[in-house]
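Enquirer: The structure that follows is given in the form of C-alpha coordinates.
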Amino acid sequence: MPALNNINAITNTNGICFSKQVSEIYTEEEITQLSIAQVNNRVSGTYLAVAFNNNILLYFNEGAAIATEIQISDKNICLISKKEFHEIIKDEGLEIIFQADKLKKSGRGNESIALLTSASKKGCKHSQLILGTDYRIGDNFLKSIKYLKLAARQGSVKANAYLAEIYFSKFIESNDKEFYSKAFKYCTVAVSGKDSNSKYLLGSMYLYTEESNLENQSKAELLLSEVANMGHIEAHLGLGHLYYQSVCIKQDLNKSFYHYKIAADAGHPVAQFYAGIAYLEGRGVNKDTRKAISLWFKSANNGFEVAITAVKNNNLLGKNNV
(Lines give C-alpha, C1' and ligand atoms only; values in the text may rest on other atoms or scores of the structure.)
Protein backbone atom coordinates (compact mmCIF):
# COMPACT_ATOMS: atom_id res chain seq x y z
CA MET A 1 0.00 0.00 0.00
CA PRO A 2 1.43 3.45 -0.91
CA ALA A 3 2.75 5.53 1.97
CA LEU A 4 0.22 8.20 1.09
CA ASN A 5 -2.59 5.95 2.25
CA ASN A 6 -0.75 4.83 5.38
CA ILE A 7 -0.62 8.24 7.03
CA ASN A 8 -2.33 8.16 10.40
CA ALA A 9 -3.80 11.65 10.40
CA ILE A 10 -4.79 13.62 13.51
CA THR A 11 -6.83 16.82 13.58
CA ASN A 12 -6.36 19.00 16.66
CA THR A 13 -8.77 21.49 18.23
CA ASN A 14 -7.42 24.26 15.98
CA GLY A 15 -8.44 22.26 12.91
CA ILE A 16 -4.84 21.51 11.89
CA CYS A 17 -4.37 18.10 10.31
CA PHE A 18 -1.03 16.33 10.83
CA SER A 19 0.45 12.86 10.87
CA LYS A 20 1.12 10.88 14.04
CA GLN A 21 4.82 11.04 13.23
CA VAL A 22 4.70 14.85 13.25
CA SER A 23 2.95 14.79 16.63
CA GLU A 24 5.83 12.75 18.05
CA ILE A 25 8.41 15.28 16.81
CA TYR A 26 6.76 18.66 17.49
CA THR A 27 4.78 20.32 20.24
CA GLU A 28 1.28 21.69 19.61
CA GLU A 29 2.69 25.22 19.41
CA GLU A 30 5.35 24.18 16.88
CA ILE A 31 2.76 22.39 14.77
CA THR A 32 0.66 25.56 14.71
CA GLN A 33 3.68 27.59 13.60
CA LEU A 34 4.48 25.06 10.87
CA SER A 35 0.88 25.25 9.68
CA ILE A 36 1.06 29.05 9.48
CA ALA A 37 4.37 28.81 7.64
CA GLN A 38 2.99 26.44 5.02
CA VAL A 39 0.01 28.72 4.38
CA ASN A 40 2.39 31.65 3.88
CA ASN A 41 4.50 29.56 1.54
CA ARG A 42 1.45 28.62 -0.50
CA VAL A 43 0.55 32.29 -0.87
CA SER A 44 4.05 33.33 -1.88
CA GLY A 45 4.43 30.36 -4.17
CA THR A 46 7.65 29.02 -2.61
CA TYR A 47 6.72 25.37 -2.92
CA LEU A 48 6.98 22.51 -5.33
CA ALA A 49 3.63 21.29 -6.62
CA VAL A 50 3.64 17.75 -7.95
CA ALA A 51 0.44 16.17 -9.17
CA PHE A 52 -0.08 12.45 -8.99
CA ASN A 53 -3.53 11.07 -9.60
CA ASN A 54 -5.73 13.85 -8.21
CA ASN A 55 -3.39 14.84 -5.36
CA ILE A 56 -0.97 17.73 -5.01
CA LEU A 57 2.21 17.32 -2.98
CA LEU A 58 3.67 20.52 -1.57
CA TYR A 59 7.28 20.48 -0.44
CA PHE A 60 8.66 23.44 1.48
CA ASN A 61 12.31 24.44 1.69
CA GLU A 62 11.99 25.68 5.26
CA GLY A 63 10.65 23.78 8.24
CA ALA A 64 10.83 20.08 8.87
CA ALA A 65 7.27 19.31 7.88
CA ILE A 66 5.64 18.97 4.51
CA ALA A 67 2.15 20.15 3.62
CA THR A 68 0.19 17.89 1.34
CA GLU A 69 -3.20 18.41 -0.23
CA ILE A 70 -4.59 14.94 0.25
CA GLN A 71 -8.02 13.76 1.26
CA ILE A 72 -6.98 11.96 4.43
CA SER A 73 -9.76 13.56 6.42
CA ASP A 74 -12.27 16.35 5.96
CA LYS A 75 -9.27 18.71 5.85
CA ASN A 76 -7.36 19.02 2.60
CA ILE A 77 -4.03 20.00 4.16
CA CYS A 78 -1.94 17.74 6.32
CA LEU A 79 1.52 18.23 7.84
CA ILE A 80 3.78 15.23 7.46
CA SER A 81 7.39 14.57 8.40
CA LYS A 82 10.36 14.58 6.05
CA LYS A 83 10.62 10.81 6.42
CA GLU A 84 7.01 10.36 5.36
CA PHE A 85 7.56 12.79 2.51
CA HIS A 86 10.45 10.78 1.12
CA GLU A 87 8.48 7.55 1.50
CA ILE A 88 5.69 9.11 -0.56
CA ILE A 89 7.90 10.40 -3.35
CA LYS A 90 9.61 7.02 -3.53
CA ASP A 91 6.33 5.10 -3.69
CA GLU A 92 4.83 7.52 -6.20
CA GLY A 93 7.96 7.69 -8.37
CA LEU A 94 8.51 11.38 -7.69
CA GLU A 95 12.24 11.36 -6.90
CA ILE A 96 13.05 12.87 -10.31
CA ILE A 97 10.72 15.81 -9.66
CA PHE A 98 12.30 16.40 -6.27
CA GLN A 99 15.82 16.32 -7.73
CA ALA A 100 14.84 18.62 -10.61
CA ASP A 101 13.32 21.11 -8.21
CA LYS A 102 16.48 21.18 -6.10
CA LEU A 103 18.54 21.88 -9.23
CA LYS A 104 16.19 24.64 -10.30
CA LYS A 105 16.27 26.33 -6.90
CA SER A 106 20.06 26.19 -6.83
CA GLY A 107 20.23 28.15 -10.08
CA ARG A 108 20.87 25.14 -12.31
CA GLY A 109 17.71 25.47 -14.40
CA ASN A 110 19.16 23.97 -17.57
CA GLU A 111 20.20 20.83 -15.70
CA SER A 112 16.74 20.63 -14.18
CA ILE A 113 15.09 20.77 -17.61
CA ALA A 114 17.54 18.21 -19.00
CA LEU A 115 16.75 15.81 -16.14
CA LEU A 116 12.99 16.19 -16.62
CA THR A 117 13.28 15.85 -20.40
CA SER A 118 15.30 12.65 -20.07
CA ALA A 119 12.82 11.18 -17.59
CA SER A 120 9.93 12.25 -19.81
CA LYS A 121 11.38 10.36 -22.78
CA LYS A 122 11.51 7.28 -20.56
CA GLY A 123 7.79 7.64 -19.85
CA CYS A 124 7.76 9.45 -16.48
CA LYS A 125 4.33 11.09 -16.42
CA HIS A 126 5.28 13.33 -13.51
CA SER A 127 8.16 14.80 -15.53
CA GLN A 128 5.85 15.21 -18.51
CA LEU A 129 3.33 17.04 -16.35
CA ILE A 130 5.93 19.38 -14.83
CA LEU A 131 7.42 20.21 -18.24
CA GLY A 132 3.96 20.78 -19.69
CA THR A 133 3.07 23.02 -16.77
CA ASP A 134 6.34 24.99 -16.94
CA TYR A 135 6.01 25.59 -20.68
CA ARG A 136 2.38 26.58 -20.13
CA ILE A 137 3.44 29.28 -17.69
CA GLY A 138 6.07 30.37 -20.19
CA ASP A 139 3.36 30.60 -22.87
CA ASN A 140 5.11 28.04 -25.10
CA PHE A 141 1.88 26.62 -26.48
CA LEU A 142 3.18 23.76 -28.62
CA LYS A 143 5.69 22.37 -26.10
CA SER A 144 3.16 22.62 -23.30
CA ILE A 145 0.58 20.72 -25.33
CA LYS A 146 3.14 18.08 -26.31
CA TYR A 147 4.14 17.16 -22.75
CA LEU A 148 0.67 17.52 -21.24
CA LYS A 149 -0.76 15.15 -23.83
CA LEU A 150 1.91 12.59 -22.98
CA ALA A 151 0.99 12.82 -19.29
CA ALA A 152 -2.74 12.78 -20.05
CA ARG A 153 -2.36 9.54 -22.01
CA GLN A 154 -0.92 8.01 -18.85
CA GLY A 155 -3.92 9.03 -16.80
CA SER A 156 -2.77 12.31 -15.25
CA VAL A 157 -5.89 14.17 -14.15
CA LYS A 158 -4.05 17.48 -13.86
CA ALA A 159 -2.65 17.14 -17.38
CA ASN A 160 -6.20 16.81 -18.71
CA ALA A 161 -7.24 19.81 -16.63
CA TYR A 162 -4.42 22.00 -17.95
CA LEU A 163 -5.11 20.93 -21.54
CA ALA A 164 -8.75 21.92 -21.09
CA GLU A 165 -7.73 25.34 -19.79
CA ILE A 166 -5.26 25.94 -22.63
CA TYR A 167 -7.68 24.94 -25.37
CA PHE A 168 -10.52 26.93 -23.82
CA SER A 169 -8.28 29.99 -23.65
CA LYS A 170 -7.43 29.50 -27.35
CA PHE A 171 -11.16 29.22 -28.09
CA ILE A 172 -11.84 32.53 -26.34
CA GLU A 173 -9.06 34.17 -28.36
CA SER A 174 -10.07 32.75 -31.74
CA ASN A 175 -13.66 31.50 -31.45
CA ASP A 176 -12.38 28.35 -33.15
CA LYS A 177 -14.88 25.58 -32.37
CA GLU A 178 -12.19 22.93 -32.75
CA PHE A 179 -10.39 24.39 -29.74
CA TYR A 180 -13.67 24.37 -27.84
CA SER A 181 -14.32 20.73 -28.72
CA LYS A 182 -10.88 19.73 -27.41
CA ALA A 183 -11.34 21.82 -24.26
CA PHE A 184 -14.68 20.13 -23.57
CA LYS A 185 -13.21 16.66 -24.11
CA TYR A 186 -10.23 17.14 -21.78
CA CYS A 187 -12.35 18.94 -19.20
CA THR A 188 -14.82 16.07 -19.05
CA VAL A 189 -11.97 13.63 -18.38
CA ALA A 190 -10.55 15.85 -15.64
CA VAL A 191 -13.97 16.21 -14.01
CA SER A 192 -14.32 12.43 -13.94
CA GLY A 193 -11.03 12.51 -12.02
CA LYS A 194 -12.61 14.96 -9.56
CA ASP A 195 -10.48 17.99 -10.46
CA SER A 196 -12.13 21.03 -8.84
CA ASN A 197 -10.99 23.68 -11.32
CA SER A 198 -12.24 21.54 -14.18
CA LYS A 199 -15.62 21.22 -12.50
CA TYR A 200 -15.85 25.01 -12.55
CA LEU A 201 -14.75 25.23 -16.18
CA LEU A 202 -17.15 22.51 -17.34
CA GLY A 203 -19.97 24.09 -15.34
CA SER A 204 -19.24 27.41 -17.05
CA MET A 205 -19.28 25.72 -20.46
CA TYR A 206 -22.70 24.25 -19.74
CA LEU A 207 -23.91 27.65 -18.54
CA TYR A 208 -22.43 30.03 -21.10
CA THR A 209 -21.42 28.18 -24.28
CA GLU A 210 -23.41 24.96 -24.56
CA GLU A 211 -26.99 24.99 -25.84
CA SER A 212 -29.35 26.56 -23.31
CA ASN A 213 -31.62 23.70 -22.33
CA LEU A 214 -32.76 22.23 -19.04
CA GLU A 215 -30.30 19.35 -19.13
CA ASN A 216 -27.24 21.55 -19.67
CA GLN A 217 -28.29 24.17 -17.17
CA SER A 218 -29.00 21.48 -14.58
CA LYS A 219 -25.47 20.18 -15.14
CA ALA A 220 -24.14 23.71 -14.75
CA GLU A 221 -26.08 24.12 -11.50
CA LEU A 222 -24.71 20.86 -10.09
CA LEU A 223 -21.07 21.49 -11.00
CA LEU A 224 -20.99 25.16 -10.01
CA SER A 225 -22.78 24.46 -6.73
CA GLU A 226 -20.23 21.82 -5.84
CA VAL A 227 -17.23 24.12 -6.32
CA ALA A 228 -19.04 27.15 -4.87
CA ASN A 229 -19.44 25.14 -1.66
CA MET A 230 -15.64 24.83 -1.70
CA GLY A 231 -15.27 28.62 -1.82
CA HIS A 232 -14.87 29.18 -5.57
CA ILE A 233 -15.87 32.83 -6.08
CA GLU A 234 -16.37 32.69 -9.87
CA ALA A 235 -18.73 29.76 -9.33
CA HIS A 236 -20.84 31.93 -7.02
CA LEU A 237 -21.01 34.56 -9.76
CA GLY A 238 -22.08 31.94 -12.30
CA LEU A 239 -24.83 30.68 -9.99
CA GLY A 240 -25.98 34.26 -9.47
CA HIS A 241 -26.40 34.60 -13.23
CA LEU A 242 -28.00 31.16 -13.57
CA TYR A 243 -30.72 31.78 -10.98
CA TYR A 244 -31.43 35.29 -12.26
CA GLN A 245 -31.52 34.61 -16.00
CA SER A 246 -33.85 31.61 -15.61
CA VAL A 247 -33.56 30.58 -19.25
CA CYS A 248 -34.45 26.99 -18.37
CA ILE A 249 -33.79 26.67 -14.63
CA LYS A 250 -36.59 28.15 -12.54
CA GLN A 251 -35.79 31.73 -11.55
CA ASP A 252 -34.87 32.16 -7.90
CA LEU A 253 -33.97 35.76 -7.07
CA ASN A 254 -33.19 34.93 -3.46
CA LYS A 255 -30.60 32.38 -4.51
CA SER A 256 -29.31 34.72 -7.20
CA PHE A 257 -28.69 37.52 -4.72
CA TYR A 258 -27.21 35.09 -2.19
CA HIS A 259 -24.52 34.04 -4.65
CA TYR A 260 -23.90 37.53 -6.02
CA LYS A 261 -23.48 38.79 -2.45
CA ILE A 262 -20.90 36.14 -1.53
CA ALA A 263 -18.81 36.97 -4.60
CA ALA A 264 -19.30 40.72 -4.07
CA ASP A 265 -18.16 40.49 -0.45
CA ALA A 266 -15.04 38.68 -1.73
CA GLY A 267 -14.30 41.69 -3.95
CA HIS A 268 -15.47 40.39 -7.33
CA PRO A 269 -16.25 43.54 -9.41
CA VAL A 270 -18.88 41.96 -11.67
CA ALA A 271 -20.70 40.46 -8.69
CA GLN A 272 -20.55 43.83 -6.93
CA PHE A 273 -22.29 45.44 -9.88
CA TYR A 274 -25.05 42.85 -10.07
CA ALA A 275 -25.54 42.79 -6.31
CA GLY A 276 -25.98 46.57 -6.62
CA ILE A 277 -28.71 46.04 -9.20
CA ALA A 278 -30.40 43.59 -6.83
CA TYR A 279 -30.40 46.19 -4.06
CA LEU A 280 -31.72 48.89 -6.41
CA GLU A 281 -34.62 46.86 -7.73
CA GLY A 282 -35.30 44.57 -4.78
CA ARG A 283 -34.30 41.39 -6.58
CA GLY A 284 -34.06 38.82 -3.81
CA VAL A 285 -33.34 41.47 -1.18
CA ASN A 286 -35.01 44.57 0.23
CA LYS A 287 -34.43 47.70 -1.86
CA ASP A 288 -31.55 49.84 -0.65
CA THR A 289 -30.32 52.54 -3.04
CA ARG A 290 -27.37 53.51 -0.83
CA LYS A 291 -26.01 49.98 -0.79
CA ALA A 292 -26.58 49.73 -4.54
CA ILE A 293 -24.56 52.87 -5.27
CA SER A 294 -21.84 51.86 -2.81
CA LEU A 295 -21.43 48.50 -4.54
CA TRP A 296 -21.34 50.14 -7.98
CA PHE A 297 -18.54 52.46 -6.90
CA LYS A 298 -16.64 49.45 -5.53
CA SER A 299 -17.21 47.65 -8.83
CA ALA A 300 -15.89 50.64 -10.78
CA ASN A 301 -12.87 50.99 -8.49
CA ASN A 302 -12.16 47.29 -9.05
CA GLY A 303 -12.11 47.76 -12.82
CA PHE A 304 -15.50 46.58 -14.13
CA GLU A 305 -15.97 48.59 -17.33
CA VAL A 306 -19.78 48.75 -17.20
CA ALA A 307 -19.63 50.23 -13.70
CA ILE A 308 -16.82 52.62 -14.70
CA THR A 309 -18.90 53.92 -17.62
CA ALA A 310 -21.96 54.31 -15.43
CA VAL A 311 -19.97 56.27 -12.84
CA LYS A 312 -18.36 58.51 -15.47
CA ASN A 313 -21.72 59.25 -17.09
CA ASN A 314 -23.41 59.76 -13.72
CA ASN A 315 -25.82 57.05 -14.83
CA LEU A 316 -25.74 54.72 -11.86
CA LEU A 317 -29.52 54.55 -11.65
CA GLY A 318 -30.10 54.34 -15.41
CA LYS A 319 -31.57 51.26 -17.02
CA ASN A 320 -29.05 51.13 -19.85
CA ASN A 321 -26.21 50.18 -17.52
CA VAL A 322 -27.64 46.78 -16.73
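Enquirer: Which ³J(HN,Hα) values, rounded to whole Hz and listed in residue order, are derived for the stretch 155-167 from phi using the Karplus coefficients 6.51, -1.76 and 1.60 in 6.51 cos²θ - 1.76 cosθ + 1.60 with θ = phi - 60°, glycine and proline given as x?
Expert: Whole-Hz 3J(HN,Hα) from phi for the stretch 155-167: x, 6, 5, 5, 4, 4, 5, 5, 4, 4, 5, 5, 5.
Enquirer: Also, I was wondering about something else. Label points 7 Å out from Cα along the Cβ direction at Ala9 and Ser246: separation in nm?
Expert: For the pair Ala9/Ser246, the computed spacing is 4.1 nm.
Enquirer: Taking amide hydrogens as modeled 1.01 Å from N in the peptide plane, which residues meet the under 5 Å criterion relative to Ile10, leaving out close sequence neighbours?
Expert: Correct list: Phe18, Ser19, Lys20.
Enquirer: Enumerate the calculated ³J(HN,Hα) couplings along the stretch 105-118 in order (Karplus 6.51 cos²θ - 1.76 cosθ + 1.60, θ = phi - 60°), each rounded to whole Hz, writing x wherever the residue is Gly or Pro.
Expert: 6, 9, x, 10, x, 5, 5, 4, 5, 4, 5, 5, 5, 4
Enquirer: Give me the accessible area per residue for the stretch 140-261, probe 1.4 Å, as a whole number in Å².
Expert: Ligands and nucleic acids excluded, the figure is 49 Å² per residue.
Enquirer: Calculate one ³J(HN,Hα) per residue across the stretch 304-312 by plugging θ = phi - 60° into the Karplus curve 6.51 cos²θ - 1.76 cosθ + 1.60, and present them in order as whole Hz with x for glycine and proline.
Expert: 6, 4, 4, 5, 4, 4, 4, 5, 4
Enquirer: Pulled fully out, how much extra length does the chain show between Asp91 and Ala266, if you take 0.36 nm times their separation in residues and subtract their Cα-Cα distance?
Expert: 59.0 nm
Enquirer: Now, a different point. Would you rank Glu234, Glu173 by solvent-accessible area, highest first, keeping every protein chain in place and using a 1.4 Å probe?
Expert: Glu173, Glu234
Enquirer: Sticking with this one: For Asp176 and Ser118 in one chain, what is 0.36 nm times their gap in residues minus the Cα-Cα distance, to one decimal in nm?
Expert: Computed gain between Asp176 and Ser118 is 17.4 nm.
Enquirer: Which order do Tyr243, Tyr274 take when ranked by solvent-accessible area (1.4 Å probe, heavy atoms of all protein chains), largest first?
Expert: Putting Tyr243, Tyr274 in descending order of accessible area: Tyr274, Tyr243.
Enquirer: If each residue of separation counts as 0.36 nm, what is the full-extension length gain between Met230 and Ser192 once their alpha-carbon separation is subtracted?
Expert: Taking Met230 through Ser192 to full extension adds about 11.9 nm, to one decimal.
Enquirer: Okay, next question. Just reorder Met230, Met205 by solvent-accessible area, largest first, 1.4 Å probe, all chains present.
Expert: From most accessible down to least: Met230, Met205.
Enquirer: I would also like to ask the following. Which residues' amide hydrogens lie under 5 Å from the amide hydrogen of Asp288, considering only partners 5 or more residues apart or on another chain, with H built in the peptide plane?
Expert: Leu280, Gly282
Enquirer: DSSP loop (so not H, G, I, E, B), at most 16 other Cβ within 10 Å: list which trypsin sites (Lys or Arg not before Pro) in the stretch 99-131 pass both filters.
Expert: Answer in residue order: Arg108, Lys122.
The values are calculated or read from the model by the stated rules, or taken from the named source; none is laboratory data. What you see is a predicted model; the values in this text were computed from it and never measured. Counting neighbours? That spans all protein chains shown, and the Cβs are built from the backbone with ideal geometry, glycine included. These accessible areas exclude ligands, DNA and RNA; they are computed on the full protein's heavy atoms, side chains included. Shrake-Rupley method; radii C 1.70, N 1.55, O 1.52, S 1.80 Å.
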